[in-house]
1. Please indicate, with yes or no, whether at least one residue in the range 78-87 is modelled with pLDDT of 95 or more, in a loop (DSSP other than H, G, I, E, B) and either surrounded by 15 or more Cβ atoms within 10 Å (Cβ to Cβ) or not aromatic (F, W, Y) (or both).
2. Assigned to a helix (DSSP H, G or I), surrounded by fewer than 20 Cβ atoms within 10 Å (Cβ to Cβ) and of a type in the set (G, A, S): which single residue out of A46, A67 fits that description?
3. Taking the criterion of being acidic (D, E), in contact with a Lys or Arg (Cβ under 8 Å, 6 or more places away or on another chain) and either surrounded by 21 or more Cβ atoms within 10 Å (Cβ to Cβ) or outside any strand (DSSP E or B) (or both), would at least one residue in the range 23-31 satisfy it?
4. Looking for whichever is surrounded by 16 or more Cβ atoms within 10 Å (Cβ to Cβ), of a type outside the set (F, W, Y), modelled with pLDDT of 90 or more and farther than 20 Å from P110 by Cα here; the options are T167, T147, T175. Which one fits?
5. Quick check on my filter: what residues within the range 8-22 are in a strand (DSSP E or B) and touching a Gly at 6+ places or on another chain (Cβ under 9 Å)?
6. Looking at the range 26-41, I want the residues that are on the phi < 0 side of the Ramachandran plot and among the basic types (K, R) and have a partner that is outside any strand (DSSP E or B) and exposed (fewer than 14 other Cβ atoms within 10 Å of the Cβ) with Cβ atoms under 9 Å, at least 6 apart or on another chain. Which pairs are those?
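The values are calculated or read from the model by the stated rules, or taken from the named source; none is laboratory data. Just so it is clear, the model here is predicted, and its values are computed rather than measured. Quick reminder, even Gly has a Cβ in these numbers, built from the backbone with ideal geometry, and neighbours come from all protein chains shown.
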Amino acid sequence: MSAPALRAGVFLDRDGVLNEVVVREGKALPPASLEELRIMSGAEAALHELKAHGFALVAVTNQPDVARGAQRREVVEAINAVLLGALPLEGIYVCYHDDADRCTCRKPQPGLLIEAARERCIDLSRSVMIGDRWRDIEAGRRAGCLTIHLAGNHAEESPTVSPDYRTRSLLDAATWIMSQCAPRGGRT
């Protein structure tokens with residue numbers, strides 16, 4: 001029996017890419033509850049377009065507030081369930097660790113992307129990572145993906161590694177991906 005064919009994928013950070021961040025005291029934070037969850041304008045249309053063109057769509061997110069005791073895992077999972085119900089994502093991979101844990105899944109480490117690629121038959125060399133923080137861009141680079149920096153409406157340092165493309169719009173990012181990275185083998 002032959003191995004399944006590998007697909008091109010798009011990895012997306014969650015907070016600031018799929019849903020809006022909550023800005024408190026000038027700091028961009030994930031939503032603390034379902035009531036604070038707002039899906040980004042254009043996210044649904046962009047993801048449906050990418051899905052129609054054959055890309056596997058997977059979210060990869062750091063949620064260190066769980067390790068820090070500032071958020072409950074059940075709330076993160078409830079937010080993820082809403083996103084999975086509203087958007088054409090195949091899955092959401094989460095790192096609940098903080099930097100001190102030195103895990104391989106916390107971005108900028110590429111562990112979440114590698115795990116998702118293995119489980120979902122995604123070819124990292126034909127894939128793209130979209131994120132609003134330097135950690136996302138670095139994780140994508142380390143995994144061997146093209147990278148897109150989605151500039152947000154919050155203060156965040158620029159990526160230390162130059163992304164392959166910069167934009168303020170997920171719809172624009174989708175258009176760039178479809179023009180640069182058409183998946184081989186047609187639609188999935």
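1. Restricting attention to the range 78-87, the residues satisfying the condition of being modelled with pLDDT of 95 or more are 78-87.
This time we only want the ones that are in a loop (DSSP other than H, G, I, E, B), so: 87.
Now drop any that are not either surrounded by 15 or more Cβ atoms within 10 Å (Cβ to Cβ) or not aromatic (F, W, Y) (or both), which leaves 87.
Within the range 78-87 (the criterion being modelled with pLDDT of 95 or more, in a loop (DSSP other than H, G, I, E, B) and either surrounded by 15 or more Cβ atoms within 10 Å (Cβ to Cβ) or not aromatic (F, W, Y) (or both)), the answer is yes, since at least one residue qualifies.
2. A67
3. Checked against the condition, which is being acidic (D, E), in contact with a Lys or Arg (Cβ under 8 Å, 6 or more places away or on another chain) and either surrounded by 21 or more Cβ atoms within 10 Å (Cβ to Cβ) or outside any strand (DSSP E or B) (or both), the range 23-31 yields no hits at all.
4. Values: T147 fails: farther than 20 Å from P110 by Cα; T175 fails: surrounded by 16 or more Cβ atoms within 10 Å (Cβ to Cβ).
Checking each option against the conditions leaves just T167.
5. Just the residues of the range 8-22 that are in a strand (DSSP E or B), to begin with: 9-12, 15, 19, 22.
Within the range 8-22, F11, L12 meet the criteria.
6. What qualifies is K27/A155.
Okay, residues lined up against (1) in contact with an Asp or Glu (Cβ under 9 Å, 6 or more places away or on another chain); (2) small (G, A, S); (3) part of a strand (DSSP E or B); (4) crowded, with 24+ Cβ neighbours inside 10 Å:
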position: A100; (1), (2), (3), (4): no, yes, no, no
position: C105; (1), (2), (3), (4): yes, no, no, no
position: S125; (1), (2), (3), (4): no, yes, no, no
position: R135; (1), (2), (3), (4): yes, no, no, no
position: E138; (1), (2), (3), (4): no, no, no, no
